[in-house]
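The values are calculated or read from the model by the stated rules, or taken from the named source; none is laboratory data. Because the structure is a prediction, the values reported are computed rather than measured. With ideal geometry, Cβ positions are generated from the backbone for all residues, glycine too; neighbour counts draw on all protein chains shown. With ligands, DNA and RNA removed, areas are computed over all heavy atoms of the protein, side chains included. Shrake-Rupley method; radii C 1.70, N 1.55, O 1.52, S 1.80 Å.
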Amino acid sequence: MYNNFHTRYFITKEKFQELIKFELNPGDFIMSGAGTIGKIAKVPNDIKKGVFNQALIRFKINNSIMDGGFFLQWMRSEFMQRRLTSSNPGSAIVNLIPMSELKKWTVIVPKRDEQKVLGKILNKLDSTIALQHEQLDELKSLKKYFLQKLFI
């Protein structure tokens, strides 16, 4: 859902040098600004050298201040997702707030060691929730199967 880093297009080395400020590096965070607005993922260590397109927004964090796992959980939170799309309340079309607005935000975060613990706990909860959804889907399929066999 979040971690799709498959290469779709190729550019020349010359074009890459021209677009170097859009290079993706391991540890960057990339968020969709169109389509699935607000979906965010951490760029993996084994990413192929490349650039991101205009439909994406890159975040770089200061690792001495912010833990990556905590940042990811925070950005995916309902609170942040609402804030990121708050510039157009009531609109049928969801858009991200302008990055110039986002850069003005003052953010207070827990100490880094606390962030690390919180990020791990929230990640574990996400995994547990995903597993519960899978189990629920399996039970629904099983019920459907039995109903189809019982009431032909």
query: How about LYS111: which aspartates and glutamates have a C-alpha closer than 19 Å to its C-alpha, ignoring those fewer than 8 places off in the same chain?
result: ASP67
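List the trypsin sites (Lys or Arg not before Pro) in the stretch 64-152 that DSSP assigns to loop (not H, G, I, E or B) and whose Cβ has at most 10 other Cβ atoms within 10 Å. Which are they?
Numbers: sites: ARG76, ARG82, ARG83, LYS103, LYS104, LYS111, ARG112, LYS116, LYS120, LYS124, LYS140, LYS143, LYS144, LYS149; in loops: LYS103, LYS104, LYS111.
Those satisfying the criteria are LYS103, LYS104, LYS111.
Keeping all protein chains in place and using 1.4 angstrom, which order do GLU14, GLU23 fall into by accessible surface area, from largest down?
Working: GLU14 130, GLU23 30 Å².
Most to least solvent-accessible, the answer reads GLU14, GLU23.
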message: Going through the cross-link list LYS21/LYS49; LYS21/LYS48; LYS21/LYS116; LYS48/LYS124, which pairs have a Cα-Cα distance over 18 Å in this structure?
response: LYS21/LYS116; LYS48/LYS124
message: For LYS39, give me every one of the lysines with a C-alpha distance below 16 angstrom, ignoring sequence neighbours fewer than eight places off in its own chain.
response: LYS60
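Considering all projection directions equally, how large on average is the shadow of the alpha-carbon convex hull of the chain, in square nanometres? Walk me through the numbers before you get to the answer.
On the way: hull surface 54.7 nm².
The orientation-averaged projected area of the Cα hull of the chain comes to 13.7 nm².
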query: Once the Cα atoms of helix 112-150 and of the chain are each reduced to a long axis, what angle between those two axes, in degrees from 0 to 90 to the nearest 10, is obtained?
result: 30 degrees
- prompt: Within straight cross-link reach of LYS15, meaning Cα distance under 13 Å, which aspartates and glutamates are found once same-chain residues fewer than 8 apart are removed?
  reply: GLU23
task: Count neighbours as other Cβ atoms within 10 Å of each site's Cβ, and list the chymotrypsin sites (Phe, Trp or Tyr not before Pro) in the stretch 44-152 that are DSSP loop with at most 16 such neighbours.
output: PHE52, TRP105, PHE151
